[in-house]
Amino acid sequence: MAGHGMPDQQEQAQVDERQGAAEQDHPEHGDHEHGRHEHGDEPRQPVRTVGEEPDTSRGTVRPITVVGNPVLHRACKPVTEFGAELHALIDDMFVSMYAADGVGLAANQIGVDARVFVYDCPDDDGVRHVGVMVNPVLEDLPPERRTLDESPEGCLSVPGAYVDLARPDHAVVRGQDREGREITVEGTGFFARCLQHETDHLNGYLYLDRLSKRDRKDALRQMAEKEPSYEVVPN
Ligand code: NI
């Protein structure tokens, strides 16, 4: 999933100010590698991080597949081997997501047919969530928990487009971690949106598939109007 839209000028100034302060406190972290995370589109500084930051020195940035590529429009294969090949894929997914300034990425977005997604995404309470989910299954919510939130959504596979989409503001996903251990991840707000969006990808759906004909057309028009700011796989 793509991050929020670009912050406005004032927000950007605040981000820069905070970044400067952070660099003074931790001069050894003032390199561009770390700066990239702080340049994210989070509405405010995360108050804490849940999950473990990946070692981004290991992965290779891969180009992103875009709407129309068959790998995005069919369900991905379940992962059965939790070895070096999966771990290398996860490394590539994290660095590819960061290179494209995304907050979530599914394996088929770098052309790999495997049920895996990664995320580094803030929720609406300022908590930053970082992790990987293998073979995710979205839990059905009881009706009393199905409160819809209508907010802008974007996708790295539909570069440059943002369209409002209503989704439940709470999500529970069950699956496995990189070693195959059972895990459950729960999210609210923007992170709930991300969990649902990425699970959709692995089931062969883009958020475009949840839009009205008119909104879908609008998203594709937005995409056509801009050059992607990251490398994509031509269709
Ligand atoms: Ni997406």
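The table below lists the values:
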| item | result |
| --- | --- |
| Residue tally, condition small (G, A, S), under 20 Å from D169 (Cβ atoms) and within 11 Å of the ligand (Cβ to nearest atom), over region 107-159 | 1 |
| Considering residues of region 44-93 that are touching a residue at least 40 places away in the same chain (Cβ under 8 Å) and in a helix (DSSP H, G or I) only, the residue nearest to D113 (Cα to Cα) | V71 |
| Residue check for A224: small (G, A, S) and surrounded by fewer than 15 Cβ atoms within 10 Å (Cβ to Cβ) | yes |
| Residues located in region 212-222, provided they are more than 13 Å from the ligand (Cβ to nearest atom) and touching a Leu at 6+ places or on another chain (Cβ under 7 Å) | R216 |
| Every residue from region 167-186 that is surrounded by fewer than 19 Cβ atoms within 10 Å (Cβ to Cβ) and of a type in the set (A, V, I, L, M) | V172, I183 |
| Some residue of region 63-71 being within 23 Å of E182 (Cβ to Cβ) and within 15 Å of the ligand (Cβ to nearest atom) | no |
| Only listed residue being surrounded by fewer than 21 Cβ atoms within 10 Å (Cβ to Cβ), in contact with an Asp or Glu (Cβ under 9 Å, 6 or more places away or on another chain) and farther than 21 Å from L206 by Cβ, chosen from D149, D164, D140, D91 | D91 |
| A171 closer than 19 Å to L202 by Cα, touching a Leu at 6+ places or on another chain (Cβ under 8 Å) and within 16 Å of the ligand (Cβ to nearest atom) | yes |
| Which listed residue, of E179, E225, E198, E231, is more than 13 Å from the ligand (Cβ to nearest atom) and under 17 Å from the mean Cα position of the chain (by Cα) | E231 |
| All positions within region 182-195 that are away from the ligand (no atom under 16 Å from the Cβ) and either among the polar types (S, T, N, Q) or under 17 Å from the mean Cα position of the chain (by Cα) (or both) | T184, V185, E186, T188, G189 |
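Results for (1) within 12 Å of the ligand (Cβ to nearest atom); (2) within 16 Å of S157 (Cβ to Cβ); (3) modelled with pLDDT of 95 or more, shown as yes or no for each residue.
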{"site": "V61", "(1), (2), (3)": "no, yes, yes"}
{"site": "F82", "(1), (2), (3)": "no, no, yes"}
{"site": "E85", "(1), (2), (3)": "no, no, yes"}
{"site": "L105", "(1), (2), (3)": "yes, yes, yes"}
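The values are calculated or read from the model by the stated rules, or taken from the named source; none is laboratory data. Remember, it's a predicted structure, so these values are computed and weren't measured experimentally. Cβ: placed from backbone, ideal geometry, glycine included. Neighbour counts: every protein chain shown.
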